[in-house]
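Below you'll find the structure, written out as structure tokens, and then a few comments.
The values are calculated or read from the model by the stated rules, or taken from the named source; none is laboratory data. On a predicted model such as this, the values are computed, not experimentally measured, just so you know. Cβ: placed from backbone, ideal geometry, glycine included. Neighbour counts: every protein chain shown. When the accessible area is computed, the model is the full protein with side chains, heavy atoms only, and any ligands, DNA or RNA have been set aside. Shrake-Rupley method; radii C 1.70, N 1.55, O 1.52, S 1.80 Å.
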Amino acid sequence: MWKALREQKGFLLMEYVLSLAAGAVLAGLVCTGLGRTALSWQRLQGELALQQASGYMQGLLERHVSYNATAIRIKSTQDVELDTILGNKKLLLYCRSGGLYLQTTTGNGKGTNPLFMADVAVSDWQVTKLSDTSLCISFTLTSSQGLQRHCEQILYCYNGEIIDEAS
């Protein structure tokens with residue numbers, strides 16, 4: 001009987017069903033692999049965004065605190081007030097509502113700029129005086145995907161001294 005069926009042209013229904021089942025299994029494996037790859041890619045993108053935000057923020061903090069400040073006052077609210085090497089310019093660094101901000105005051109008025117990047121929230125802002133010329137700034141960045149990165153930086157004030165008004 002099988003010999004008679006084999007001599008006919010075409011496929012058996014069973015061969016066709018088996019090939020469809022094998023194709024479905026392979027398609028499922030490919031979709032699962034692609035799904036995991038997409039999740040890994042999204043996680044990597046989130047981690048890179050946090051790393052970029054961290055570097056950007058720490059660079060700005062270093063420039064303002066280490067090089068441009070002649071006097072630094074740490075307030076009880078963890079705000080940092082800076083007198084700059086430009087005599088009539090004062091800066092205020094503060095963390096509010098999930099963001100880090102820089103308020104600039106000159107003879108012409110005030111302006112506030114965000115120092116954080118979009119889709120990255122800032123929390124756990126802490127400023128600690130270590131000596132008359134150094135302080136430690138720490139904060140946590142959280143991406144929109146829920147990834148977190150803790151940042152801690154020791155900064156030296158090369159042009160002045162630090163006053164801790166909180167203590």
_Hits in region 137-155 (condition: surrounded by 15 or more Cβ atoms within 10 Å (Cβ to Cβ) and out of contact with any Lys or Arg (no Cβ under 9 Å at 6 or more places or on another chain))_ = ILE137, PHE139, ARG149, CYS151, GLN153, LEU155
_Residue count for region 47-94, restricted to those that are within 22 Å of the chain's Cα centre (by Cα) and among the polar types (S, T, N, Q)_ = 5
*asked:* Being under 15 Å from ILE74 (Cβ atoms), touching a Leu at 6+ places or on another chain (Cβ under 9 Å) and either surrounded by 14 or more Cβ atoms within 10 Å (Cβ to Cβ) or in contact (Cβ under 8 Å) with a residue 60 or more places away in the chain (or both) is the requirement here; does SER134 meet it?
replied: yes
*Scan region 116-131 residue by residue and report those that are within 15 Å of GLY98 (Cβ to Cβ), in a strand (DSSP E or B) and open to solvent by less than 90 Å² (accessible area, probe 1.4 Å).*
VAL120, ALA121, VAL122, SER123, TRP125
*Flag for GLN51 being among the polar types (S, T, N, Q) and part of a helix (DSSP H, G or I)*: yes
_I'd like to verify a number: residues in region 28-47 that are closer than 17 Å to THR140 by Cβ and either loosely packed, with under 14 Cβ neighbours inside 10 Å or among the hydrophobic types (A, V, I, L, M, F, W, C) (or both), how many?_
0
_Is it the case, given these coordinates, that TYR101 is out of contact with any Ser or Thr (no Cβ under 6 Å at 6 or more places or on another chain), without any contact (Cβ under 8 Å) to a residue 60 or more places away in the chain and closer than 30 Å to GLU47 by Cα?_
no
*asked:* Exactly one condition in (1) out of contact with any strand residue (DSSP E or B) (no Cβ under 7 Å at 6 or more places or on another chain); (2) exposed (fewer than 13 other Cβ atoms within 10 Å of the Cβ); (3) farther than 22 Å from SER66 by Cβ is false for LYS110; which is it?
replied: (1)
*Looking at (1) open to solvent by 90 Å² or more (accessible area, probe 1.4 Å); (2) in a loop (DSSP other than H, G, I, E, B), can you tell me which one THR77 breaks?*
(1)
